[in-house]
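These notes are about the structure you will find just below.
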Amino acid sequence: MADAAHQPHPLTIVDYDQFVEAQHDDREWELVDGELVMMSNPTENHEQIAGNIGAPLKLAMDAAGCRSYQGGMRVQRSSESRGKDKTRPDIVVRCGPRQNQTYLTDPLVVVEVLSPSTMDHDRGGKLKFYKSLPTLRHIALIYQDQMRVEHYERTDEGWRLDVLTGPGDVLRFDAVDFEIDLDRVYFDVPVLRPILDAGSGR
């Protein structure tokens, strides 16, 4: 589960990096609005969903000259170490020249697979941080206990939210010319799906 570490004052990225460097176990942490948050161990459903969208997205981005990373890259606003956010999305996409750093500052797409223990942070401080990133165009929050995707897309008027709940609904990342239907996102994941032909005769 995700637990916030108690600390007397908001931490910066330099504080976070020093904390992580000093750890002697395999626990993973994020920095969200100056708060240390321990990341949860992923379930099989979590990893299945991440792979279902991450694999075709990577193939599409490789062909388009962009890059898609699954689970390993951190995101922060800039190289400035006084920032108060350093997160690790389940999937992140960027374009442009290779930087070969341990973090990204110019994501175009961020995907988070939610679970009950991380939902408050993912839909709270992390979402607020993601919305503040100037390069970001798409944020997808994918539930693993139900067929539901909350897709935030940046428009000229601000962020628009689309909620997708049916197997035929399509998640579109127009900024990188990628789309996938929810039936594929939830392939081999035991969530309830609508009965499409409930009213038809046999």
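The values are calculated or read from the model by the stated rules, or taken from the named source; none is laboratory data. Owing to the predicted nature of the structure, the values given are computational and were not obtained by experimental measurement. We place every Cβ from the backbone using ideal geometry, glycine too, and count neighbours over all the protein chains shown. Side chains are part of the model used for accessible areas, which takes the heavy atoms of the whole protein and leaves out ligands, DNA and RNA. Shrake-Rupley method; radii C 1.70, N 1.55, O 1.52, S 1.80 Å.
Observations on the model:
- Test for T135: is it over 23 Å from H9 (Cα atoms), in contact with an Asp or Glu (Cβ under 7 Å, 6 or more places away or on another chain) and open to solvent by 40 Å² or more (accessible area, probe 1.4 Å): yes
- Among residues that are in contact with a Cys (Cβ under 9 Å, 6 or more places away or on another chain), within 19 Å of V32 (Cα to Cα) and either at pLDDT 90 or above or aliphatic (A, V, I, L, M) (or both), D90 is not included.
- Filter result for M119 (open to solvent by 40 Å² or more (accessible area, probe 1.4 Å), free of Cβ contacts under 8 Å to residues at least 60 places away in the same chain and within 30 Å of D174 (Cβ to Cβ)): yes
- Qualifying residue in the range 135-157 (condition: more than 15 Å from the chain's Cα centre (by Cα) and of a type in the set (F, W, Y)): no
- Qualifying positions in the range 61-116 - open to solvent by less than 50 Å² (accessible area, probe 1.4 Å), more than 22 Å from D15 (Cβ to Cβ) and of a type in the set (A, V, I, L, M): M61, I91, V92, V93, L108, V109, V110, V111, V113, L114
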